[in-house]
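Where a number appears in this text, it was derived from the coordinates with a stated rule and is not lab data. Remember, predicted model here, so these are calculated numbers, not experimental data. Quick reminder, even Gly has a Cβ in these numbers, built from the backbone with ideal geometry, and neighbours come from all protein chains shown.
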Amino acid sequence: MPRYSIEEFVNETGQKDKGEGLFELERDRMLELNLNGRVWTKRGSMVAYLGNVKFTREGILEHGVGKLLKKAVTGEGISLTKAEGQGKVYLADAGKKISIINLDNEAIFVNGNDLLAFEETIGWDIKMMKKVTGIMAGGLFNVKLEGTGMVAITTHYDPVTLKVTKDTPVFTDPNATVAWSGNLSPDLKTDVSLKSFVGRSSGESIQMSFKGEGFVVIQPYEEIPFQQPVA
C-alpha cells in the first residue's frame, strides 16, 4: 500500500480538469458534470458539488401523463433528479464503473438501474419487452434514450460489447445485460435445461435473445433483483 504525506495525498487524489466538456470522467467510477444548464441524473447519485447548483426531484407530471402511467405500472424503481445551474457536480453509483456514450441522432436501450445521467437534449421513454407474458411477473422494463447528446451508464467491473449479426444472434442473462442498440428488439426465452447450471432453483432459466444487426453490452456480474424499472 502506498503511503503519502498529506501534501502528496492531496496532489495524488486531487480533482483534475481534463477539458472534456459537460461529461468528464474524474475517475473511472466517478463522473464530473461541468454544469452550465440542466442535466438529468439518477436520484441519489450525487456525492459532491460546488458552485450554484439546484437539485430538483422530477415532478409527478414532469415528463407527461404517459410516463406517469408507466411509472404506476412499473413501480417506483429509479427516480430522476434535475441538476441545474453553474458549477461542478460529482456522480457515482455504488462504486460501479462509468462509461460515457455520445449519441449522434441515435438510440440506445439501457437497463434503468444502470442509467446514471443524460443531457436534457436526449429524449427518453420506458419500454416493455415483447413476449414477456407468462415468463415474468410484471414484465421487463428498460429505458430507450434517443437523440443527440451524452449518456452515462454504469457497470459492475468492465463492460463487454458483443456484436449481433444476422448470422450470429446473441443470448444473454438479463441480470448481466446493461444496454443494447436502439434498433434491436430482444425477446425473452426460457431454457429448462439450464436451470441447474445457473443455479436457479425456482423454474426455468430466463434469457434475452438478440437477433438482427446491432450490439449488446454485458457486465461480468448478475444484478439482483432481476432488473430495476425506471421512473
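Which residues' amide hydrogens lie under 5 Å from the amide hydrogen of residue 79, considering only partners 5 or more residues apart or on another chain, with H built in the peptide plane?
Result for residue 79 returns 43, 231.
From the backbone phi of the stretch 161-178, what are the Karplus-calculated ³J(HN,Hα) couplings (6.51 cos²θ - 1.76 cosθ + 1.60, θ = phi - 60°) in whole Hz, Gly and Pro given as x?
Listing the rounded values in order: 9, 10, 7, 10, 10, 4, 8, 10, x, 10, 10, 9, 7, x, 5, 10, 8, 9 Hz.
Enumerate the calculated ³J(HN,Hα) couplings along the stretch 34-51 in order (Karplus 6.51 cos²θ - 1.76 cosθ + 1.60, θ = phi - 60°), each rounded to whole Hz, writing x wherever the residue is Gly or Pro.
8, 7, 8, x, 9, 9, 8, 10, 5, 4, x, 8, 6, 10, 5, 7, 9, x
At a Förster distance of 41 Å, what's the computed FRET efficiency of residue 50 paired with residue 160, Cβ-Cβ distance as r, to 0.05?
Given R0 = 41 Å and the Cβ-Cβ separation, E is 0.70.
Net charge near residue 45: determine it from the other residues with C-beta under 11 Å of the C-beta of residue 45, scoring Lys and Arg +1 and Asp and Glu -1.
+2
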